[in-house]
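Notes follow the structure.
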Amino acid sequence: MEPLSVRYRDVIMEMLKKSRGQMQVTDENVLQHGNADILPFIDRILEENLLPGSEIRGFERLAELAEASARGESCLLLMEHYSNFDLPIFHYLLRKRGPEGARIADRLVAIAGVKLNESHPIVLAFAEAYTRIVIVPSRALQSIKEHPSQAAEAVADMMKGMSINRAAMKVLAEEKKAGRIVLVFPSGTRYRPWDPASKKGVREIDSYVKSFDHMMLVSINGNIFRLSEKGEMQEDLLVKDRVVYKASPMIDPAEFREKVKEVVHFGHDRKQAIVDEIMKGLDELHAEVEKTLS
């Protein structure tokens, strides 16, 4: 296994030449449209590392979701999260299904943390290939509260984060009614095997769920991009693997939430219970696929 930045140094240098380099995020640019000039470079990396049998199961369900979005109905995809290549591989495999898959890929807009823009030019170059609504995650805002370097700086960071998130929610409301399929990672972060808490769903995901007409779960088995404990994407390790996505049937978010609420005891956190049920559903999908691969 080699770090991405070492194995594909020349490819990355070409990507950086095509990158818009828009690292600074403000409330004026939270919607960032995909940069198609970068896709061929990422596709080359994926083609060289995805093993035969990599696929999307339940493609017809995704096509059904896309039809609903085309009718103006709001549609939400909730996906497992193992690496920063989860969206690129999904996007690539959709396009490999032909014109219908390409149309679904074009409808996707991902909710992405601001760190993908601001942490490193290489990370940004990979992220900007795909259309995103950029937010400041609740965990990041909480960290600012708990670990302020200076009081004035902390207040400024909090104000900026809240302004970005308000703008992002406004854009989200527009995009989900404009034929877009909104992709969200309910864990809010990549799963790190040494940190079980990274698999837990983020409570705020319920705010997304309750505002959509349809939702669908997508599991991921396999991973060509293993996390480095250094924590930076450009240092993550590439490995050849078979990657299989599986889409669930469409789910009515209102019915889903009501069923969970009915069994939650008084005084318990209903929002967290709803997200926990989503994570349970993703685990079950993952296990179903795992049985077919072993």
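Of note:
- Inside the stretch 251-267, residues that are more than 13 Å from VAL209 (Cα to Cα) and surrounded by 10 or more Cβ atoms within 10 Å (Cβ to Cβ) make up a count of 3.
- Residue match in the stretch 57-69 (condition: at positive phi, of a type outside the set (Val, Ile, Thr) and buried (at least 17 other Cβ atoms within 10 Å of the Cβ)): yes
- Qualifying residue in the stretch 271-285 (condition: closer than 17 Å to ARG61 by Cβ and among the charged types (D, E, K, R)): yes
- Flag if LYS271 is part of a helix (DSSP H, G or I), free of Cβ contacts under 8 Å to residues at least 24 places away in the same chain and out of contact with any His (no Cβ under 7 Å at 6 or more places or on another chain): no
- Of all the listed residues (ILE220, ILE164, ILE224), the sole one being over 28 Å from PHE59 (Cβ atoms) and touching a strand residue (DSSP E or B) at 6+ places or on another chain (Cβ under 8 Å) is ILE164.
- Residue list for the stretch 28-58, filter: among the acidic types (Asp, Glu) and either assigned to a helix (DSSP H, G or I) or touching a Lys or Arg at 6+ places or on another chain (Cβ under 7 Å) (or both): ASP37, ASP43, GLU47, GLU48
- Subset of the stretch 19-53 [over 28 Å from GLY161 (Cα atoms) and among the charged types (D, E, K, R)]: ASP37, ASP43, ARG44, GLU47, GLU48
- Qualifying residue in the stretch 10-19 (condition: hydroxyl-bearing (Ser, Thr, Tyr), buried (at least 16 other Cβ atoms within 10 Å of the Cβ) and within 30 Å of ASP157 (Cα to Cα)): yes
- Picking from residues in the stretch 70-93 that are in a strand (DSSP E or B) and touching a Pro at 6+ places or on another chain (Cβ under 9 Å), the one that is surrounded by the most Cβ atoms within 10 Å (Cβ to Cβ) is LEU78.
- Just one of the listed residues (GLU67, GLU2) is over 26 Å from THR189 (Cβ atoms) and more than 18 Å from the chain's Cα centre (by Cα), namely GLU67.
Laboratory data are not the source of any read-out in this text; all were calculated from the coordinates shown. For clarity, every value in this text was computed on a predicted model and none was experimentally measured. In this analysis, Cβ positions are derived from the backbone assuming ideal geometry, glycine residues included, and neighbour counts consider all displayed protein chains.
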